[in-house]
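Shown next, in C-alpha cells, is the structure this report addresses.
The values are calculated or read from the model by the stated rules, or taken from the named source; none is laboratory data. This is a predicted model, so every value here is computed, not measured. Note: ideal-geometry Cβ built from the backbone for every residue, glycine included; neighbour counts use all protein chains shown.
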Amino acid sequence: MLDIKLIREKPKLVQKSCKDRGYDIDIKQILKLDEDFRKLKASADSLRSERNKTAQEINQLKKEGKDIKKKVKEAKKIPEKISKTEEEMNAVLSQIKDMILRIPNIMHESVPAGDESKNKEIKKWGKKKKTGFKVKPHWQIGEELGIIDMERAAKLAGSGFYVLKGDGARLQRALVQFMLDFHNKHGFTEINPPQIVNAKTMTGTGNLPKFEEDLYRTREGLYLIPTAEVPVTNLHADEILNTSELPKLYTAFTQCYRTEAGRHGAETRGIFRLHEFEKVEMVMIVHPEKSWEALEDMRSRAEKLLELLEIPYRVLVLATQDAGFASAKTYDIECYAPADDRYLEVSSCSNCTDFQARRMNTRMRTQQGNVFVHTLNGSGLALPRLMISILENYQNEDSSITIPKLLQPYMGGQKKITKK
C-alpha cells in the first residue's frame, strides 16, 4: 500500500496515478478522513493529558487534606470521553485503511500510460520455424496423441480444467524439474509452501480486498492461492531483516487457482485459460536501492529459460492499466504459438517496490533506522501455456512431437511423443 505521508504531501500525483491506472479513487475523501483522524487523535491525547493532570491534582489535594469530591467527579467523566473519542478515531482509521488498501501502486515513469493497446514491445527473440504442413492447435494434437483430455476433465470438475495423460503428464513434470533445477543452480532457494492461506496473507500481496471475486475461498475463510507469489512473498511478513540477509531469492512450484471472474467463456478452447494450472514462480526480496537492477535480472532469467528451450518469444512493457495492482513496472514475456500465429503470456515479471512490504510490514535494518524492503515476483515459467508452445513449435508432419533436447534427459532419454 502507499504511505499516507505520500498521499498527504503529493495528492495530485496519487490522484493522477489512479486515473492513469483506471481506478476511481477519491483522494480528497481520504485526506478529509485523515484530517478528521488527526483531530480526533489530538483530542484523545489532550484528554489523556487532562486525565493525568487531574490525577495529580487529586493527589495534591489529598496531601493538603482538602475536599477531592469535585475533582473525582470530573475525573470519572474523562475515561468515558477518551473511550468515545478512541472509538470514533478507530472507525475513521478503519475507513482510511480500507480506502488506501484499494489504491494501486505508483507506476515507474518509464511505463506507458493507457490500456492494453499501449503495451510496448521492446524485444523479440528467435526465428519462427517454417514447416511444409499446417500446424495443428495444441488441443487437437493433444487429443490425437492421447496426452490431453478436456472431455474427462469437464466430467470431473466442469469447464476450465484439464487432464494430462501419459507423455503429456511426463512432459509437464520434465518442464517443472528443468525449471526448478535452473533456478536452484542460480542461487534460488526452493520453497514448498501452503497452497491455502489466510486473509492476512492475501492482503499482504494485494489480492485482498480488491480482488476477492477472483479467489476461491473455503468454508473456514481461507483462500486457495492464485500464485506462489502469495505465500512465498509473505514468508517474511512482520519481520525485520538484516541487510546482510538480502537479497532473498526464492522459487516454488505450485498449483494456482483462479475463478477467472468475468473472463470465462473467452479463449477457453484447450488449455489456454483455466481455473487450476501449474506454475514455477520466482520471488525476490531486495534492498530498495537494488530493485530495478533485480527486475532486469528476473526478466533475463525468464527469457533464458525460453532460449534454452529454443522457443521464440517477445517482451512487452505493460501499460499502466494492464499492469498488476501491486506492480510499479511489469514485463510480460510471451512465447510464440504457431497454430494461431500469436504470442502467449508465459511470465510476468514485476517490481512491486515497497508496496507489498508495507502491507506485510517487512523491513530491513539500516543505520538510519528500519526501512521497507522491495519485493519482486515473476513466473519462471508458467504452465500450461508453455506446453501449448512446445506442442505447436515442436510438432512434426506425422503429428508426433519432438521433445526439446534439454528435456530429453528428464524423460528418460525419450526423443518424441507419438500416438500410442
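Side notes on the structure shown:
- Qualifying residue in segment 323-346 (condition: on the phi > 0 side of the Ramachandran plot, buried (at least 19 other Cβ atoms within 10 Å of the Cβ) and assigned to a loop (DSSP other than H, G, I, E, B)): no
- Per the listing 366, 418, 362, the residue uniquely in contact (Cβ under 8 Å) with a residue 24 or more places away in the chain and surrounded by 19 or more Cβ atoms within 10 Å (Cβ to Cβ) is 362.
- Restricting segment 1-56 to residues that are in a helix (DSSP H, G or I) and hydroxyl-bearing (Ser, Thr, Tyr), the residue that is nearest to residue 210 (Cα to Cα) is 17.
- Any hit, segment 336-349, residues being under 30 Å from residue 210 (Cα atoms), in the same structural domain as residue 227 (by TED's automatic domain parsing) and charged (D, E, K, R): yes
- Residues of segment 121-156 that are farther than 18 Å from residue 419 by Cβ, touching a residue at least 12 places away in the same chain (Cβ under 8 Å) and not aromatic (Phe, Trp, Tyr): 121, 122, 123, 124, 126, 127, 128, 129, 131, 132.
- Selected residue (only one of 118, 81, 19, 69 is exposed (fewer than 12 other Cβ atoms within 10 Å of the Cβ) and of a type outside the set (Asp, Glu)): 69
- Residue list for segment 115-129, restricted to those being in contact with a helix residue (DSSP H, G or I) (Cβ under 9 Å, 6 or more places away or on another chain), over 10 Å from residue 315 (Cβ atoms) and at pLDDT 95 or above: 126
- A single member of 106, 96 is in a helix (DSSP H, G or I) and β-branched (Val, Ile, Thr), and it is 96.
- Residue 220 being without any contact (Cβ under 8 Å) to a residue 12 or more places away in the chain, under 18 Å from residue 390 (Cα atoms) and surrounded by fewer than 19 Cβ atoms within 10 Å (Cβ to Cβ): no
- The one condition from (1) closer than 30 Å to residue 418 by Cα; (2) free of Cβ contacts under 8 Å to residues at least 40 places away in the same chain that residue 94 does not meet is (1).
- Only one of the listed residues (88, 64) is charged (D, E, K, R), loosely packed, with under 12 Cβ neighbours inside 10 Å and farther than 30 Å from residue 330 by Cβ. That residue is 64.
- The set of residues from segment 373-405 being touching a Leu at 6+ places or on another chain (Cβ under 8 Å) and either aromatic (Phe, Trp, Tyr) or surrounded by fewer than 16 Cβ atoms within 10 Å (Cβ to Cβ) (or both) comprises just one member, 399.
- In segment 177-191, the count of residues that are in contact with a strand residue (DSSP E or B) (Cβ under 8 Å, 6 or more places away or on another chain) and within 30 Å of residue 398 (Cα to Cα) is one or more.
- Every residue from segment 228-255 that is of a type in the set (Val, Ile, Thr) and in a helix (DSSP H, G or I): 230, 232, 233, 243
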